[in-house]
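Enquirer: Pasting in a structure now, in structure tokens, and then I'll have a few things to ask.
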Amino acid sequence: MLIWCFVREMCVRRTLEFLGNVVPCTDKMPRLITTEGVEVTPDSNGPTSLFFFKTTVEPHIGQVSYFKVICRNFVQKSILRIKSKMLNCEEMMQMFGLMEERNIILSIDLAEGSTQIAEMEEIIAQYPRLKIAIGHFGMVTLPEWKQQILLARHPNVMIESGGITWLFNEEFYPFKGAVKAIREAADLVGMEKLMWGSDYPRTITAITYKMSYDFITKSPELTESEKALFLGENARNFYGFSNLHTLPYIKNMSE
């Protein structure tokens, strides 16, 4: 789903800005030499050229190869191919079917508002046993965010709030706007369909880990039973957590 976020310019803008400001451009780096001893000069109009600099094994997905693109046209053509793909295209639907068969949870951040609602409705209808977690609380600070929340009316769909404090960062702690949004979402689909998320460690640049949840525990807008559901019980039931270990409290990380 990362590449889809890239195409939609979601969640990766800061990373790309960092790369643009800090990492040297390809044409400023030492020239690469092929195994035949030929020097490769970066050329935006040249033939497809990739430099594979590392291959490793990730325990959850298998072999992963890292490469640097030397030819810009390759990237442009690849992105155009990806942009032509919808969530409900044949390849994606095959993947969702396999995920349903293997009881793999789909955690996904959608494009703004109702842009992909119709696609998601088709996926949900075809794969009713596929567990789906809609991320970033439906991108709550953008228009039509409630359209994404309404997807949780389906029994296999949940909404998680990772990043909600970041979205309300201008307002800052105690994030009254975020609490109001959680209340509104609960009125739409029920508190039992909403899950807390920290978006940690990214949010540590603005708030402590403790602040990412105690704006809920201290809020008078939610009942104690609603807080228990939102902060843990819903996620325990959805993800099938059991026998969770109690982690040590690390003061410097939490506060």
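The values are calculated or read from the model by the stated rules, or taken from the named source; none is laboratory data. Since the model is a prediction, treat every value here as computed from it, not as a measurement. Ideal geometry is used to build each Cβ from the backbone, glycine not excepted, and the neighbour counts take in all protein chains shown.
Enquirer: When the residues of segment 139-160 are narrowed to those that are in contact (Cβ under 8 Å) with a residue 40 or more places away in the chain and touching a strand residue (DSSP E or B) at 6+ places or on another chain (Cβ under 8 Å), which ends up farthest from residue 190 (Cα to Cα)?
Expert: The residue in question is 160.
Enquirer: Name the residues in segment 223-236 that are in contact with a helix residue (DSSP H, G or I) (Cβ under 7 Å, 6 or more places away or on another chain) and touching a residue at least 12 places away in the same chain (Cβ under 8 Å), would you?
Expert: Applying the first criterion (in contact with a helix residue (DSSP H, G or I) (Cβ under 7 Å, 6 or more places away or on another chain)) to segment 223-236 yields 226-227, 229-231, 234.
226, 229, 230, 231, 234 - these are the residues of segment 223-236 that are in contact with a helix residue (DSSP H, G or I) (Cβ under 7 Å, 6 or more places away or on another chain) and touching a residue at least 12 places away in the same chain (Cβ under 8 Å).
Enquirer: Taking the conditions exactly as written (of a type in the set (Asp, Glu), in contact with a helix residue (DSSP H, G or I) (Cβ under 8 Å, 6 or more places away or on another chain) and at pLDDT 70 or above), does residue 109 satisfy them or not? Explain how you work it out, then say what you get.
Expert: On the way: of a type in the set (Asp, Glu): yes; in contact with a helix residue (DSSP H, G or I) (Cβ under 8 Å, 6 or more places away or on another chain): yes; at pLDDT 70 or above: yes.
It is true that residue 109 is of a type in the set (Asp, Glu), in contact with a helix residue (DSSP H, G or I) (Cβ under 8 Å, 6 or more places away or on another chain) and at pLDDT 70 or above.
Enquirer: Which of the residues spanning segment 229-240 are surrounded by 11 or more Cβ atoms within 10 Å (Cβ to Cβ) and not polar (S, T, N, Q)? Walk me through it before giving the result.
Expert: In the first step, residues of segment 229-240 are kept if they are surrounded by 11 or more Cβ atoms within 10 Å (Cβ to Cβ); the result is 229-239.
Result: 229, 230, 231, 232, 233, 235, 236, 238, 239.
Enquirer: If you take the residues in segment 215-228 that are under 26 Å from the mean Cα position of the chain (by Cα) and crowded, with 16+ Cβ neighbours inside 10 Å, which one is farthest from residue 165 (Cα to Cα)?
Expert: 226
Residue-wise test of (1) in contact (Cβ under 8 Å) with a residue 12 or more places away in the chain; (2) farther than 27 Å from residue 240 by Cα; (3) in contact with an Asp or Glu (Cβ under 6 Å, 6 or more places away or on another chain); (4) buried (at least 21 other Cβ atoms within 10 Å of the Cβ).
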| residue | (1), (2), (3), (4) |
| --- | --- |
| 124 | yes, no, no, no |
| 135 | yes, no, yes, yes |
| 181 | yes, no, no, yes |
| 184 | yes, no, no, no |
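Enquirer: Shifting gears a bit: Would you check if there is a residue in segment 141-152 being at pLDDT 90 or above and either of a type in the set (Phe, Trp, Tyr) or assigned to a strand (DSSP E or B) (or both)?
Expert: If we filter segment 141-152 for residues that are at pLDDT 90 or above, which is where we start, we get 141-152.
Now narrow it down to the ones that are either of a type in the set (Phe, Trp, Tyr) or assigned to a strand (DSSP E or B) (or both): 145.
Taking every residue of segment 141-152 in turn, at least one turns out to be at pLDDT 90 or above and either of a type in the set (Phe, Trp, Tyr) or assigned to a strand (DSSP E or B) (or both).
Enquirer: Does residue 74 satisfy the condition of being aromatic (Phe, Trp, Tyr), modelled with pLDDT under 70, surrounded by 10 or more Cβ atoms within 10 Å (Cβ to Cβ) and farther than 30 Å from residue 141 by Cβ?
Expert: Working: aromatic (Phe, Trp, Tyr): yes; modelled with pLDDT under 70: yes; surrounded by 10 or more Cβ atoms within 10 Å (Cβ to Cβ): yes; farther than 30 Å from residue 141 by Cβ: yes.
For residue 74, the condition - aromatic (Phe, Trp, Tyr), modelled with pLDDT under 70, surrounded by 10 or more Cβ atoms within 10 Å (Cβ to Cβ) and farther than 30 Å from residue 141 by Cβ - is met.
Enquirer: Taking segment 196-236 as the search range and keeping residues that are modelled with pLDDT under 95, among the polar types (S, T, N, Q) and not in a loop (DSSP other than H, G, I, E, B), which one is farthest from residue 177 (Cα to Cα)?
Expert: Of everything passing the filter in segment 196-236, 205 is farthest from residue 177 (Cα to Cα).
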